[in-house]
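Readers should treat all values here as calculations from the given coordinates under stated rules, not as data from a laboratory. Not measured: the values here are computed from a predicted model. Don't worry about glycine lacking a Cβ; one is built from the backbone with ideal geometry, like all the others, and counts go over all protein chains shown.
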Amino acid sequence: MTALNSSLGDALRSQRLNQITHEPHSRLDALVKSHDPFASRERFARFVAAQYLFQRDLQPLYADQQLGKLIPELATRCRVEQAELDLLDLQQAVPEGDQAIRSTSMAIGEALAWLFVSEGSKLGAAFLLKRMPALGLSETFGARHLGEPKGGRSQGWKSFVSALDDVELTAEQERQAEAAAIAAFNRFTDHLERCFA
């Protein structure tokens with residue numbers, strides 16, 4: 001066992017997932033920058049389309065009653081409706097999703113990891129929202145999906161992470177969660193590439 005694996009073994013689940021996804025997260029950040037989504041409304045609309053597709057993937061997880069017993073106010077955390085309204089504001093067609101992600105049949109560890117990636121993106125959304133006035137957009141027009149969650153970003157993230165870390169998983173479920181977190185970043189990357197193609 002390497003020193004990194006040893007230290008990760010002692011870390012909380014949220015810390016391990018954060019560490020494991022550092023590389024795909026960095027790659028995604030670089031890809032977003034390369035597409036310059038804040039250069040114009042048209043380019044931002046493509047970014048929103050990718051966000052919509054990703055939230056559409058996760059919509060069944062946010063609506064799952066069993067997961068809702070584990071995560072506070074889970075059903076209210078989904079942003080697919082906000083992203084769809086943003087696309088309408090931006091006069092962008094709502095893209096068709098696919099069924100490649102079968103989120104309703106995910107194991108518990110996988111589901112939690114996908115939600116971890118989605119919920120974590122809300123923290124970065126605060127910085128993106130600051131760039132919206134230059135495009136004439138706001139959390140009430142065109143950039144709703146970046147808006148402040150009910151109760152605030154920090155509190156929402158803390159309550160999610162606390163619940164995430166409290167769920168008991170087997171070693172196999174932990175491995176599934178780690179693989180799923182990377183898969184979630186790769187899925188958003190695929191959506192981004194598609195929407196900017």
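Check the stretch 39-50 and report whether any residue there is closer than 22 Å to ALA163 by Cα and either within 14 Å of the chain's Cα centre (by Cα) or surrounded by fewer than 16 Cβ atoms within 10 Å (Cβ to Cβ) (or both). Break it down into steps so the answer makes sense when it comes.
Keep residues of the stretch 39-50 that are closer than 22 Å to ALA163 by Cα, which gives none.
No: zero hits.
What residue, among those in the stretch 167-197 that are among the aliphatic types (A, V, I, L, M) and in a loop (DSSP other than H, G, I, E, B), is nearest to VAL94 (Cα to Cα)? Spell out the reasoning first.
Within the stretch 167-197, the subset among the aliphatic types (A, V, I, L, M) is 167, 169, 171, 177, 179-184, 192, 197.
Next, from what is left, pick out any that are in a loop (DSSP other than H, G, I, E, B): 167, 169, 197.
Values: VAL167: 35, LEU169: 37, ALA197: 16 Å.
This residue is ALA197.
What are the residues in the stretch 118-153 that are without any contact (Cβ under 8 Å) to a residue 60 or more places away in the chain and exposed (fewer than 12 other Cβ atoms within 10 Å of the Cβ), if any?
PHE127, LYS130, PRO133, THR140, GLY152, listed by residue number.
So how many residues does the stretch 89-117 have that are without any contact (Cβ under 8 Å) to a residue 12 or more places away in the chain and in contact with a Phe, Trp or Tyr (Cβ under 9 Å, 6 or more places away or on another chain)?
Final tally of qualifying residues: 0.
In the stretch 63-105, which residue that is part of a loop (DSSP other than H, G, I, E, B) and polar (S, T, N, Q) is farthest from GLY152 (Cα to Cα)?
Result: GLN99.
Being more than 18 Å from ALA113 (Cα to Cα), of a type in the set (Gly, Ala, Ser) and touching a residue at least 60 places away in the same chain (Cβ under 8 Å) is the filter here, so list the residues in the stretch 9-65 that pass it.
Passing the criteria: SER40, ALA49, ALA50.
Which one of these does PHE160 not meet: (1) surrounded by 18 or more Cβ atoms within 10 Å (Cβ to Cβ); (2) of a type outside the set (S, T, N, Q); (3) more than 26 Å from ASP86 (Cβ to Cβ)?
Condition not satisfied by PHE160: (3).
Please determine whether any residue of the stretch 173-184 is farther than 18 Å from TYR62 by Cβ, touching a residue at least 60 places away in the same chain (Cβ under 8 Å) and among the β-branched types (Val, Ile, Thr).
Yes - at least one qualifying residue is present in the stretch 173-184.
Take the stretch 174-192 and flag every residue that is under 22 Å from LYS69 (Cβ atoms) and surrounded by fewer than 17 Cβ atoms within 10 Å (Cβ to Cβ).
Within the stretch 174-192, GLU174 is the sole residue that qualifies.
Are any of the residues in the stretch 83-103 in contact with a helix residue (DSSP H, G or I) (Cβ under 6 Å, 6 or more places away or on another chain), more than 23 Å from THR189 (Cβ to Cβ) and either surrounded by 13 or more Cβ atoms within 10 Å (Cβ to Cβ) or aliphatic (A, V, I, L, M) (or both)?
Yes: the stretch 83-103 contains one or more residues that are in contact with a helix residue (DSSP H, G or I) (Cβ under 6 Å, 6 or more places away or on another chain), more than 23 Å from THR189 (Cβ to Cβ) and either surrounded by 13 or more Cβ atoms within 10 Å (Cβ to Cβ) or aliphatic (A, V, I, L, M) (or both).
Scan the stretch 106-142 for residues that are within 30 Å of GLU168 (Cα to Cα) and not in a loop (DSSP other than H, G, I, E, B) and report the count.
So the answer is 18.
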